[in-house]
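To keep things clear, I will list the structure first and then write my remarks on it.
Each reported figure results from applying straightforward, stated rules to the coordinates on display, with no laboratory input. It should be emphasised that the depicted structure is a prediction, and the values quoted were computed from it without experimental measurement. In this analysis, Cβ positions are derived from the backbone assuming ideal geometry, glycine residues included, and neighbour counts consider all displayed protein chains.
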Amino acid sequence: MTLYEIQADMLDVLSEVEEQGGEITEEQEARLDALSLSRNEKIENWVKYLKNLASDEAGLTAEIDELSRRRDRLRRHRDYSKSSLSGLLGYGETWKKSPHSLSWRSSFSTEPRMPLEDMREIFVRISEKREFNKVAAKEFILSNGPIPEAEIVEKRTLQIK
């Protein structure tokens, strides 16, 4: 029997009592007592269930946090190791030994040279906040030449395969 059914049965018994002028018979009292005990047992079981769910959630959250910390440590160690290897291998130098290879990749990025407040509006993008518009600045520099607001910077990334 569910809590809802128990509650409905209790209301039925109380309706019967009202119809009889408000006097409770021994049979009705026994039914109400039995239903009340069942109700209390069901509520107690729900509370235990909810506490188990909260405990499981806390355990999972702790495990997720620990795994996130481990992932971050591994990522930092990987980045440090890659940076160290980049320092040992000069820019432009390649290394290959089957099945591994190291090579360099160049990419270009537009970086601001001054605060947003001092820039011309063409180089400022306003979404939720005011920010540097790299695309507009790069296009402007490539078509018109250098500008004081920004510059195109070459970035070199070691590719490990």
Give the Kirkwood hydrodynamic radius (Å, one decimal) of region 23-118, defined as one over the mean of 1/r across all pairs of different Cα atoms.
21.3 Å
Restrict the search to region 94-146; then list the GluC sites (Glu not before Pro) that DSSP places in a loop and that have at most 16 other Cβ atoms within 10 Å of their Cβ.
Glu128
Cα Rg over Rh - the chain, Kirkwood:
1.48
Work out the count of Lys pairs in the chain where the Cα-Cα distance is under 19 Å, with the pair 8 or more places apart or on different chains.
9
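Please list the helices of the chain that count as membrane-span-like by this rule: a mean Kyte-Doolittle hydropathy of at least 0.0 together with Cα atoms stretching 18 Å or more along the helix axis, each helix being a complete DSSP H run. Write out the running numbers ahead of the final one.
Numbers: long enough: 3-19 (24 Å, 0.08); 26-88 (92 Å, -1.11).
Helices meeting the criterion: 3-19.
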Ranked by GNM mean-square fluctuation in the chain (Cα springs under 10 Å), the top entry among Lys138, Lys129, Lys97 is Lys129
When all C-alpha to C-alpha distances in region 95-160 are sorted into bins of 10 Å, what percent of pairs does each bin hold, rounded to whole numbers?
19, 39, 19, 14, 8, 1
Restricting region 1-45 to GluC sites (Glu not before Pro) in coil, as DSSP defines it, with at most 16 other Cβ within 10 Å
Glu23
Can you find, among Asn133, His100, Ile122, the residue sitting farthest towards the positive end of the charge dipole of the chain, where Lys and Arg contribute +1 and Asp and Glu -1 at Cβ?
His100
Could you give the size of the charge dipole of region 1-138 about its Cα centre, using +1 on the Cβ of each K and R and -1 on the Cβ of each D and E, expressed in debye and rounded to the nearest 20?
3100 debye
By counting other Cβ atoms within 10 Å of each Cβ, how are Leu116, Leu88 ranked from fewest to most?
Leu88, Leu116
Using alpha carbon centroids, what distance separates region 139-161 and region 21-37, in Å?
85 Å
